[in-house]
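In what follows, a single structure is set out as structure tokens and then discussed.
The values are calculated or read from the model by the stated rules, or taken from the named source; none is laboratory data. In this text, all values refer to a predicted model and were calculated from it rather than measured experimentally. No Cβ is skipped: glycine too gets one built from the backbone with ideal geometry, and neighbour counts run over all protein chains shown. Areas reflect the complete protein model, heavy atoms only, side chains present, ligands, DNA and RNA absent. Shrake-Rupley method; radii C 1.70, N 1.55, O 1.52, S 1.80 Å.
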Amino acid sequence: MPSRRAILISLAVAAVALVLGAVLFVLSGRAPGFTLLHLPVRTPVAVEHYGPAPLQIGELRVPDGKGPFPLAIVIHGGCYLAGYEDLRFTAPLASSLTARGIATWNIDYRALGDPGGGWPGTFADLANATAYVRKFAGRYRLDLDRVAIVGHSAGAHAALWLASRSRGARAPFADIPTLPVRYAVAIDGPPDLAKMIGTDERICERPVVVPLMGGTPASHPERYLEITPARHLPLGVAQLLVPTQVLRLDTAIAYRDAAGASGDRAEVLPLRMGHFDMLDPRGAGWKSIEDRIAAALAVP
């Protein structure tokens with residue numbers, strides 16, 4: 001039987017390990033995200049596959065009442081890397097929007113490291129998930145004249161890119177139908193992936209952009225042109241950028257000014273909080289974002 005001294009030493013070692021683990025967990029930026037997984041969420045009325053792959057899936061939540069309901073397409077982040085995040089991270093805010101009177105289509109997609117992820121599969125998934133809304137819009141009384149796209153982190157870039165397609169499809173995704181969008185919300189994510197090269201390794205713990213795109217901007221300029229929203233201004237969509245940690249305030253302002261000069265209406269909403277904090281529907285940060293989404297979609 002272990003001595004009392006040995007037991008005390010083991011307990012002390014375990015306590016130190018727990019503290020160090022907690023510190024690393026917080027420094028990695030994942031502790032607040034982990035908290036989101038434990039918030040109560042509204043049960044989806046349907047879970048739909050927009051493609052044959054396991055990750056080509058979305059959760060549909062519909063408000064109580066007769067409708068027709070505006071729709072928010074919700075896109076999680078995760079550095080465009082497999083295994084970092086999934087739609088559970090955005091389920092709480094999707095539930096909050098649905099309680100506010102907005103139907104939500106909270107989507108997953110293949111990322112770098114998943115079979116078929118990276119260029120072009122990741123972006124084809126995002127486009128196909130958006131187009132798939134037309135298949136169930138009538139069944140669930142959705143108003144496709146009032147559509148918002150809301151993305152966090154990598155999903156913020158995806159939201160702006162999908163908004164850039166709302167006026168028409170472009171190669172190499174010209175065969176995937178588009179969906180008109182009224183409002184795009186980019187929460188603490190980059191509007192330009194090329195400008196994240198180098199910084200991505202610090203944020204995501206490994207290089208992401210070049211592997212995701214299958215090469216550099218010099219080797220594949222047409223790919224980077226397609227997925228850079230600023231290169232397609234005006235988008236014809238009102239836009240909200242929310243800088244906190246990943247999206248720098250000066251970057252958000254520069255994008256807003258370029259969008260405004262093109263004729264688009266764009267707003268910057270700076271929030272002093274952690275990368276995941278504004279996704280918690282209990283907080284004031286999310287409330288300020290949700291109020292703007294509701295106003296843009298004409299929801300009381």
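Below are the figures for this structure:
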read-out	value
Unmet criterion (only one of (1) in contact with a Leu (Cβ under 6 Å, 6 or more places away or on another chain); (2) more than 20 Å from His152 (Cβ to Cβ); (3) in a helix (DSSP H, G or I); (4) touching a residue at least 24 places away in the same chain (Cβ under 8 Å)) for Tyr224	(1)
Region 257-268: number of residues that are open to solvent by less than 40 Å² (accessible area, probe 1.4 Å) and either closer than 21 Å to Gly77 by Cβ or not in a helix (DSSP H, G or I) (or both)	3
Residue match in region 133-147 (condition: under 20 Å from the mean Cα position of the chain (by Cα), of a type in the set (A, V, I, L, M, F, W, C) and crowded, with 24+ Cβ neighbours inside 10 Å)	yes
Given (1) outside any helix (DSSP H, G or I); (2) touching a Phe, Trp or Tyr at 6+ places or on another chain (Cβ under 9 Å); (3) at pLDDT below 70, number of the condition Pro63 does not satisfy	(3)
Exclusive hit being outside any loop (DSSP other than H, G, I, E, B) and open to solvent by 20 Å² or more (accessible area, probe 1.4 Å), set Glu85, Glu48	Glu48
Test result for Ala53, of a type in the set (A, V, I, L, M, F, W, C) and either farther than 15 Å from Gly155 by Cα or assigned to a strand (DSSP E or B) (or both)	yes
Every pair of residues 6+ apart whose Cβ atoms lie under 6 Å, when the first sits in region 285-300 and is touching a residue at least 60 places away in the same chain (Cβ under 8 Å) while the second is of a type in the set (Ser, Thr, Tyr)	Ala296/Tyr183
Any chance Ala254 is surrounded by fewer than 19 Cβ atoms within 10 Å (Cβ to Cβ), in contact with a Phe, Trp or Tyr (Cβ under 9 Å, 6 or more places away or on another chain) and assigned to a helix (DSSP H, G or I)	no
The listed residue being among the hydrophobic types (A, V, I, L, M, F, W, C), under 20 Å from Ser166 (Cβ atoms) and either touching a residue at least 24 places away in the same chain (Cβ under 8 Å) or part of a helix (DSSP H, G or I) (or both), out of Leu240, Leu271	Leu240
Matching residues in region 227-237 - criterion: being surrounded by fewer than 23 Cβ atoms within 10 Å (Cβ to Cβ) and part of a loop (DSSP other than H, G, I, E, B)	Thr228, Leu233, Pro234, Gly236
Arg182 being under 22 Å from Asp291 (Cβ atoms), open to solvent by 40 Å² or more (accessible area, probe 1.4 Å) and not acidic (Asp, Glu)	yes
Matching residues, region 282-300, being acidic (Asp, Glu) and open to solvent by less than 30 Å² (accessible area, probe 1.4 Å)	Glu290
Residue count, region 56-91 (criterion: free of Cβ contacts under 8 Å to residues at least 40 places away in the same chain, touching a strand residue (DSSP E or B) at 6+ places or on another chain (Cβ under 8 Å) and closer than 19 Å to Val185 by Cα)	1
Test result for Tyr183, farther than 25 Å from Ala94 by Cα and aromatic (Phe, Trp, Tyr)	no
Residue match in region 130-138 (condition: in contact (Cβ under 8 Å) with a residue 60 or more places away in the chain and among the polar types (S, T, N, Q))	no
Inter-residue pairs, beta-carbon under 7 Å, first closer than 16 Å to Val208 by Cβ and in region 94-123, second of a type in the set (D, E, K, R) and in a helix (DSSP H, G or I), 6+ apart	Tyr109/Asp125; Arg110/Asp125; Trp119/Arg223
